[in-house]
Amino acid sequence: MVTTLPDARHARHIAEQVPDPELPMLTLADLGVLRDVEVTEDGTVVASLTPTYSGCPAMAEMRADVAARLRDAGYQRVEIRTVLNPPWTSDWITPAGRRKLAQYGIAPPGPAPRGGPVPLVLSPTRHMVSCPRCGSTDTEETSRFAATSCKALRRCRACREPFEHVKEI
Amino acid sequence: MSDDHVYLTLAEGHEDDTRWAYGTGFEDPLHGVDTTVPEGIDTGRLAADCVALADDALVSAQRLAEWITRAPELEEEVALANIGLDLLGQARLLYSRAGQADGTGRDEDAYAYFRDAGDFRNVRLAELPNGDFAFSIVRLLVLSSCRVAHFHRLTSHTDPVLAAIAAKGVKELTYHRQYAAEWAVRLGDGTEESHRRMRRAMDQVAPYLGELFTTYDVRDEVVADLRQVTEAAGLPMPVYRPLPGAGRDGEHTEHLAPLLAELQGVARAHPEATW
């Protein structure tokens, strides 16, 4: 009997297509949550995921979804690892992911604050966030927290539409 | 799975899943993480530190959740719930780490649901009743300012798992502190009534600052944040005197036991159940 190791590239391709449970227009690869897919010497496909937020309730769903997709694709030995370090940053959302967010009416994040402690700044910060519908930059934050941890609520002053914005973190 | 509606997509992906409400029996949040404790670490101390930080977060999360259906505006309710969710996530990771470090293998449910008030190690400020919105905001400001400073130190901890939990937490806590600080300024510099309430809230929080500073070595950072906020809000700096006792030694106010009774009631009534 001839045994061949699973094809890591194909396994990666399968894992990359898994949609995010809360932002299903994005794949886990678009979101930067899928950190790595490799095949070990004994033929196990190991997919590494990182949580977006500590309290992200979708983490268990993501693990289950990736494992199920890989098994459906014929990989029998699948292991999901969680990578905590380095922590997820919105900078890892891919250019394709940002385009998809905007198409679905969610403003993608700007550059995340650089590492280290962020001092408390009370002066109004000028976040240039464009309205995903009309493109105007005349938008304001209505709430820093929205339906999921990773988003804020904003409103466009030009077209009057409310919209969500993936926060920089 | 091409549906763009979150609910439908979830329903489609989990149509055989009868579990739509979640309370216990979660998958270990550190599942799939390399949880080896490096040699040379004082594991008892590591476990105790993780439990204390988790207790602060769990008790705070429970208080924040009490605001749901009671907050002044829907946006604030969503914000407070989100902040609570972040803290709950931090608590889950920290409890799991504690159980690995002390060798008991206890899971997060064992820590959260099956310890009594005297076993909890949270600072007392976290367990005080919510009071009005002003009190909750001042407390959130102080606790998140303290926690962001402490977590920043922990990012260089010799335990890589605790360091990683802290590195993630710092980002979240920065948002929490910002939220509380902006509300504190808005209310302190707002109407006569909101200003009065904020002064009262500062006075109510002040006695617990001493305990916070003996528990965590973060006095300079918290005082700097408070100074910035009080100056912008036109509020006096809180004056604090030491208050006997410490939550870190299991000495709590009379408010912790009723909070835990609500938090733990179902899990204790049905100890083998998962839901």
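If R0 is 60 Å, the Cβ-Cβ spacing of A:Ala8 and A:Leu122 corresponds to a FRET efficiency of close to 0.75. Exposure proxy ranking for B:Phe120, B:Phe213, B:Phe133, based on other Cβ atoms within 10 angstrom of each Cβ and starting from the fewest, stands as B:Phe213, B:Phe133, B:Phe120.
Most simply put, the protein assembly as shown has about 70% antiparallel DSSP beta bridges, counting only bridges with both residues inside it. Rounded to the nearest 20 debye, the dipole size of the stretch A:8-82 about its Cα centre is 100 debye, using +1 on the Cβ of Lys and Arg and -1 on the Cβ of Asp and Glu.
Residues in the stretch B:143-152 carry Karplus couplings, in order, of 5, 6, 5, 4, 6, 5, 5, 5, 4, 4 Hz; the curve used is 6.51 cos²θ - 1.76 cosθ + 1.60 with θ = phi - 60°, and Gly or Pro positions show x. Applying the criteria of a DSSP loop state and at most 15 other Cβ atoms within 10 Å to the GluC sites (Glu not before Pro) of the stretch B:201-275 yields B:Glu251, B:Glu254, B:Glu272. Let's test the formula: R0 of 56 Å, r as the Cβ-Cβ distance of B:Arg45 and A:Ala158. What FRET efficiency results, to the nearest 0.05? E(calc), rounded to 0.05, equals 0.50. Summarising the amide proton neighbourhood of A:Thr27: residues at separation of 5 or more, or on other chains, whose placed amide H is nearer than 5 Å comprise A:Asp20. Taking the Kirkwood radius as Rh and the Cα radius of gyration as Rg, the protein assembly as shown has a ratio of Rg/Rh equal to 0.97. Using the beta-carbon distance between A:Thr40 and B:Ser156 and R0 = 45 Å, what value does 1/(1 + (r/R0)^6) give for FRET efficiency, to the nearest 0.05? The pair A:Thr40/B:Ser156 has a calculated efficiency of 0.90. Simple spin-label estimate for B:Glu272 and A:Arg114 gives 5.8 nm between the two label positions (7 Å along the Cα-to-Cβ direction from each Cα). Under 5 Å between amide hydrogens, built in the peptide plane, is the criterion, and for A:Arg35 it picks out A:Ser48, A:Leu49, A:Thr50 among residues at least 5 positions away or on other chains. Taking the Cα centre of chain A as reference, the dipole from Cβ charges on Lys and Arg (+1) and Asp and Glu (-1) amounts to some 620 debye. With helices as the sole contributors, chain A gives -6000 deg cm²/dmol at 222 nm; each DSSP H run of n ≥ 4 counts as -39500 (n - 2.57), and the sum is divided by every residue.
Pull out a ≥ b ≥ c, the square roots of the eigenvalues of the alpha-carbon gyration tensor of the stretch B:139-268, then state rounded if a/c is under 1.5, prolate if not and a/b is larger than b/c, and oblate in the remaining case. The shape class here is oblate.
Taken over the alpha carbons of chain A as equal point scatterers, the Debye sum produces base-10 log I(q)/I(0) values at 0.17 Å⁻¹ of -1.02.
Taken over the Cα atoms of chain B, the convex hull encloses 152 Å³ per residue. Sequence-ordered 3J(HN,Hα) estimates for the stretch B:86-97 from the Karplus curve with 6.51, -1.76 and 1.60 and θ = phi - 60° stand at 4, 5, 4, x, 5, 4, 4, 4, 5, 4, 4, 5 Hz, glycine and proline given as x. Computed over every Cα-Cα pair of the stretch A:8-82 and binned at 5 Å starting from 0, the pair-distance distribution P(r) comes out as 3, 18, 32, 26, 13, 6, 2 percent.
Taken together, the values in this text are just the output of simple stated rules run on the coordinates, not laboratory data. Because the structure is a prediction, the values reported are computed rather than measured. Every residue, glycine as well, gets a Cβ built from its backbone with ideal geometry; the counts of neighbours run over all protein chains shown.
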